[in-house]
Amino acid sequence: MQQLTRIRIVLVQTSHPGNIGAAARAMKNMGLASLYLVEPKDFPSGVALGRAASALDILDNAVVVDSLDAAIADCGLVIGTSARSRGIPWPMVDPQECAEKLVLAGRQNDVALVFGREDNGLSNEELRRCHFHVQIPANEEYSSLNVAAAVMVLCYEIRKAALQEQGEGAGEGTGVAGSPDTEQAFWDQPLATVAETEGFLAHLEEVLTQIEVLDPKAPRQLMTRLRRLYTRIRPDRMEINLLRGTLTATQAKLGKKGEPKA
Ligand code: SAH
């Protein structure tokens, strides 16, 4: 299914190879194919193959990387899963909105849905790499699903969103009905990738330090809040280039020592 080709599933530090196999099977059942594994504990593994059943091609083509950044660097939209909300509040979506956003942004960009470790999920730092967090509204008394079960639930939502879009006639201007993201599906520029946004945020931090807005000894939540701002806006590639140009020009005016020119 063409709407699903640019959507990747990322599993971070999965301990049990059976969960990797079961996730691959769920993906194949729902028509997804791209699997990234960040530092899997035991892979390749016969146990994973056994649980994957007829989804062996997904395991064969799985991309193994050594950091979350490497798995999502080229993505324009990243959604992280969380069984509970943590740290400073982040934009949240429900499973249906999550699927609609991935399908729409997946028209023009590579996009990722990230799953955490069986024992303690995704770290706060990993969750801050994501544009949105999605939570499956499970039983409050026991809301933590097995990771492969969570992959199944969200891949099913993605399939439903893709089928709905197909039914409406992709490219005919309707998009996913009622989605606030519809306009973005017809944007003239691709979204900035994670790597481009990270490059901008590092540059911004450097300039804010130079002009002494940011005190590296007492950073407080400044960069986290600015990260949330720029992540929420989801700038396109040209906008990020304009922001980078502004920072470079600011530094040129500051001169070598970081002192404003007279
Ligand atoms: N104790 C961990 C739960 C890990 S469950 C924690 O509280 O973070 C393993 C993974 O399954 C999670 O990282 C997430 O990717 C997925 N998952 C489990 N339950 C979920 C839920 N209710 N909503 C979204 N993702 C969920």
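The values are calculated or read from the model by the stated rules, or taken from the named source; none is laboratory data. Computed from a predicted model, the values in this text were never measured in an experiment. Methodologically, a virtual Cβ is constructed for each residue, glycine included, from the backbone with ideal geometry; neighbour enumeration extends over all protein chains shown. Protein only, heavy atoms only, side chains kept; ligands, DNA and RNA dropped before computing areas. Shrake-Rupley method; radii C 1.70, N 1.55, O 1.52, S 1.80 Å.
Equivalent ellipsoid of the stretch 53-112: semi-axes from √(5λ) of the C-alpha gyration tensor, largest first, are 23, 16, 14 Å. Probing with 1.4 Å while keeping every protein chain in the model, the per residue accessible area of the stretch 194-256 equals 62 Å².
A Förster radius of 35 Å, combined with the Cβ-Cβ distance separating LEU229 from TYR142, puts the computed FRET efficiency at roughly 0.50.
Heavy-atom accessible surface of ILE20, to the nearest 10 Å², is about 0 Å², with a 1.4 Å probe and all protein chains retained. Helix 237-254 and the longest principal axis of the Cα set of the chain meet at an angle near 30°. The lysine pair count for the chain, using Cα distances under 29 Å and pairs eight or more places apart or on different chains, is 9. 3J(HN,Hα) couplings calculated from phi for the stretch 223-230 with the Karplus curve 6.51 cos²θ - 1.76 cosθ + 1.60 (θ = phi - 60°) are, in sequence order, 5, 5, 5, 5, 4, 5, 4, 6 Hz; Gly and Pro show x.
Would you mind classifying the stretch 194-256 by shape? Square roots of the alpha carbon gyration tensor eigenvalues, ordered a ≥ b ≥ c; an a/c under 1.5 is rounded, otherwise it is prolate if a/b is larger than b/c and oblate if not. Show your work: numbers first, answer last.
Numbers: a/c = 2.55, a/b = 1.13, b/c = 2.26.
Because a/c hits 1.5 or more and a/b fails to exceed b/c, the stretch 194-256 counts as oblate.
Computing FRET efficiency as 1/(1 + (r/R0)^6) for ALA252 and TRP187, where r is the C-beta to C-beta distance and R0 is 51 Å, gives about 0.95. Amide H to amide H distances under 5 Å link VAL63 with LEU35, TYR36, LEU37, where only residues 5 or more positions off or on other chains count and H is placed in the peptide plane.
Of all DSSP bridge pairs formed entirely within the chain, close to 10 percent run antiparallel.
Dividing the convex hull volume of the alpha-carbon atoms in the chain by its residue count gives 141 Å³ per residue.
Only the Cβ atoms of Lys and Arg (+1) and of Asp and Glu (-1) were treated as charged; on that basis the dipole of the chain about its Cα centre amounts to roughly 560 debye. In this structure the amide hydrogen of ARG8, modeled in the peptide plane, comes within under 5 Å of the amide hydrogens of VAL111, ALA112, LEU113, none closer than 5 places in sequence on its chain. In deg cm²/dmol and to the nearest 500, what is the mean residue ellipticity at 222 nm of the chain if only DSSP H runs of at least 4 residues count, each as -39500 (n - 2.57), divided by the residue total? Helix-only estimate at 222 nm: -13500 deg cm²/dmol.
Would you mind getting me the FRET efficiency between ALA218 and ASN120? Use the beta-carbon distance for r and R0 = 35 Å, nearest 0.05. My answer for the efficiency is 0.75.
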